[in-house]
Structure formats: C-alpha cells, structure tokens
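Chemist: Pasting a structure here, questions to come.
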Amino acid sequence: MRVLGIETSCDETGIAIYDEQQGLMAHELYSQVKLHADYGGVVPELASRDHVRKIIPLIQKAIQDANIDVSSIDGVAFTQGPGLVGALLVGSSVGRSLAYAWNVPAVGVHHMEGHLLAPMLEDEPPAFPFVALLVSGGHTMLVEVKGIGQYQILGESVDDAAGEAFDKTAKLLGLDYPGGPMLARLAEKGDPTRFHFPRPMTDRPGLDFSFSGLKTFAANTIRSEASDEQTQADVACAFEQAVVDTLVIKCRRALEQTGLKRLVIAGGVSANKTLRSKLESALAKMNGTVHYPRLEFCTDNGAMIAYAGLQRLKSGERSELSAKAQPRWPL
Ligand code: KG4
Ligand code: ZN
C-alpha cells in the first residue's frame, strides 16, 4: 500500500508519500514561520491562504521526487484535527478531492496520533507497548500506547502546553516567534545555579501538568532583575531546567505506574536537546529506552500523517467524502 499524506493543521504545509514496502519515498515541507514572525504568533487567516498557495505545488513535487505515477497511490491521508479550522479545511478539501478523483480511499488522521507514531519512521522503531510523551505547541500529554489506535491518556496539561510555555516565556525575553528553539539556544549560555524555578505539580501524585505558572514566575524574575544579557540567559536556563525536570519526573512516574520500559517522545518540544539528554540518563537508570523521531519529524510534517494514515487505511478505516475538519478532537 502507498499513501499520500497531507498535514496543514497550523503553520506548516507538509506533504509525503509513504509506501509499506519501500518506506518514505518523498517528503516536502513548507514552513510559514517568516510570514507570522512579524505578528508574534500564527495569524489563522494568513495561514489558510498560504496553505492554499503551497499545497498543490508541494504535492506535485512529492510525486516527482518519489518518481511515481499517481495511479500507484492507494490512498490519501489528511490531518483532520485538532488545529486551526481554516488551515485544516485546506488539507482536508484537497485530500478528499484527490482521493475522489483518483478513486482511492481517504482517511482523516488525528494530528497527535501522527506525532505519536513519528518515531515509527526511524530505522529502529519502538515496539508496542510504550509510554508516549507528546509535547507540542498545543498539547502536553502522557499516553499509554498498546498498539495503533489503542491510546490511554495518563495525564495532560491543565493549562498551557509545554511548547506554548516556551513560546510565551521567549516572548517575555524579547525573542522572536517561535521562541522555543531560540530560548533553548539562549539557555545554553545561562548559569543553571542562579535562579531556581518551581517544578509544578510534582509534589503530589498524578500525571497532569501545569506550565502557565512558570511563565508568570519568569515574568516576575525578569521584572525584579537587571535586564542584561546574562540575566536573560540565566532566566532562560532556569525556565528550561524547570520544564525539562518536570517532564522527566512525570515520565518516570508514568513508566513506574504502567510497568513499561519504553518511552517515546514526540512533538515540537521533543527536539529540545536538554530534554533528550535528561530523559536518556533517567531511562538508562531504569534500564529503559527512549525513542524519538529525527529532528525534522519532531515538528509538524506530512510523513507522520502518511504513516499514521496508512495504518488506519490498512485496518479498513475510511473517511466519508463529507468528512469535516475537527479543530477540537480528543485523542
Ligand atoms: O509539534 P509542533 O511543530 O506544532 C504543534 O503541533 O504545536 O510544535 C511546535 C512547538 C513550538 O511551541 C516550539 O516553540 C516548540 O515546539 N519547540 C521547541 C524546540 N523546538 C520546537 N521547544 C523547546 N526547545 C526546542 N528545541
Ligand atoms: Zn504538531
């Protein structure tokens, strides 16, 4: 089976072709980051219009790069939600139309399922079951994964997502959007001993997260200190350490609770180097393993949607021609 995958849930147009035998045959990504940078965040209407401009040329390019005939495509997978409604509608309309024209099935994929399965695109994919930490701009959740479609949410954020907290704190530090990766770079120059930020909700049982207080803590620290470059780096460092430590504590707890030894991390924040290295040492101590996607598949991409869609199509799942975008959609 060979599937065309389409991702347009936010500010990245991702297109890919995944083949059951040959693996990933092509993947294209267009990021709108520059378009939204002046506004300090994603402007939904601009995002939709840019997806409209880019989606067809990217699909053509993917087919060209894979060097295949369109008649060899057996199905189309598109991100159905969650995300920005206008952006989702571009991908779902194009995906369903192509499937109709090519007379192949279409399937709507949950964006977070795409992230969760992204490590499956690597050479040594994790075996089921595992615990997944999904950390993106819109979500922070711990999921027990027994197989495709067998997901049990163990905990999630009660307020800001981890990526959102990174972006908001970066904004307080005067960094451009999207601030997460820039804050991480600034943190490398920081002194980890100067400030100590709290590790929210770690002093009580449970696997939920709360990150909005850390942003306020950062704002108060910035206000009460001199605004020199070193202080900015020290705040970035203290913030990153607090988020990472909190995530590590909860991952360890989730593994102990489920008795599992494999941890998958995915979503934009899984690109964070400090998070990766701290999780690796924590899991090594537990005789466990950490799996994550290659850097380019940590953030939004079409490859994860093509892969997840292929699994869904193989199990017989189909989306109606009338399938709508689902901006809010629990996993
Ligand atoms: O998964 P993603 O591309 O989009 C969503 O589905 O939300 O995640 C984007 C998020 C942004 O908040 C971005 O700042 C964050 O991931 N991010 C990072 C890093 N790279 C991306 N946060 C911390 N450290 C990074 N290296
Ligand atoms: Zn995402």
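Chemist: Look through Leu214, Leu260 and report the one residue that is touching a helix residue (DSSP H, G or I) at 6+ places or on another chain (Cβ under 6 Å) and surrounded by 15 or more Cβ atoms within 10 Å (Cβ to Cβ).
Modeler: Result of the check over Leu214, Leu260: Leu214.
Chemist: Name every residue in region 173-216 that is of a type in the set (Val, Ile, Thr) and either closer than 25 Å to Ala254 by Cα or in a loop (DSSP other than H, G, I, E, B) (or both), in order of residue number.
Modeler: Thr193, Thr202
Chemist: Going by the conditions given, is Ala284 near ligand 1 (Cβ under 10 Å from one of its atoms), out of contact with any Lys or Arg (no Cβ under 7 Å at 6 or more places or on another chain) and modelled with pLDDT of 95 or more?
Modeler: no
Chemist: Another question about this same structure. Quick one: which strands (runs of 3 or more DSSP E) sit completely within region 111-172 and have at least 2 residues that are among the charged types (D, E, K, R), at negative phi and away from ligand 1 (no atom under 11 Å from the Cβ)?
Modeler: Hits in region 111-172: 140-147.
Chemist: While we're on this one: Being out of contact with any Lys or Arg (no Cβ under 9 Å at 6 or more places or on another chain), small (Gly, Ala, Ser) and buried (at least 17 other Cβ atoms within 10 Å of the Cβ) is the filter here; which residues of region 217-248 pass it?
Modeler: Across region 217-248, there are no qualifying residues.
Chemist: Does Phe195 meet the test of being among the aromatic types (Phe, Trp, Tyr), more than 21 Å from Gly163 (Cβ to Cβ) and surrounded by 13 or more Cβ atoms within 10 Å (Cβ to Cβ)?
Modeler: When the stated conditions are applied, Phe195 passes them.
Chemist: Are there any pairs with C-beta distances below 8 angstrom linking a residue in region 256-269 that is in contact (Cβ under 8 Å) with a residue 24 or more places away in the chain to a residue that is part of a loop (DSSP other than H, G, I, E, B) and acidic (Asp, Glu), with the two at least 6 apart or on different chains, and if so which?
Modeler: Taking only residues 6 or more apart or on different chains, the pairs are Gly268/Asp300.
Chemist: Please indicate, with yes or no, whether at least one residue in region 68-88 is on the phi > 0 side of the Ramachandran plot and within 21 Å of the chain's Cα centre (by Cα).
Modeler: yes
Chemist: With of a type in the set (S, T, N, Q) and away from ligand 2 (no atom under 16 Å from the Cβ) as the only criterion, which of Gln22, Gln32 stands out?
Modeler: Residue meeting the stated conditions: Gln22.
Chemist: On to the next question. Looking at region 218-331, what helices (runs of 4 or more DSSP H) fall wholly within it and have at least 1 residues that are farther than 22 Å from Leu4 by Cα?
Modeler: Correct list: 229-258, 273-285.
Chemist: Something else now. In region 264-280, what residues are more than 13 Å from ligand 1 (Cβ to nearest atom) and either closer than 29 Å to Tyr30 by Cα or buried (at least 24 other Cβ atoms within 10 Å of the Cβ) (or both)?
Modeler: Selection gives Val264 alone.
Chemist: Is it the case that Leu24 is within 20 Å of the chain's Cα centre (by Cα) and surrounded by fewer than 20 Cβ atoms within 10 Å (Cβ to Cβ)?
Modeler: Considered against the rule, which asks whether it is within 20 Å of the chain's Cα centre (by Cα) and surrounded by fewer than 20 Cβ atoms within 10 Å (Cβ to Cβ), Leu24 comes out as yes.
Chemist: Select from region 1-24 the residues that are within 16 Å of ligand 1 (Cβ to nearest atom), among the acidic types (Asp, Glu) and assigned to a strand (DSSP E or B) and list them in ascending order.
Modeler: Hits for region 1-24 are Glu7, Glu12.
Chemist: For the subset of region 281-313 comprising residues that are surrounded by 15 or more Cβ atoms within 10 Å (Cβ to Cβ) and among the charged types (D, E, K, R), which member is nearest to ligand 2 (Cβ to nearest atom)?
Modeler: Asp300
Chemist: Yes or no: Val42 in a strand (DSSP E or B) and β-branched (Val, Ile, Thr)?
Modeler: no
The values are calculated or read from the model by the stated rules, or taken from the named source; none is laboratory data. Because the structure is a prediction, the values reported are computed rather than measured. As a convention, Cβ positions derive from the backbone with ideal geometry for all residues, glycine included, and neighbour counts pool all protein chains shown.
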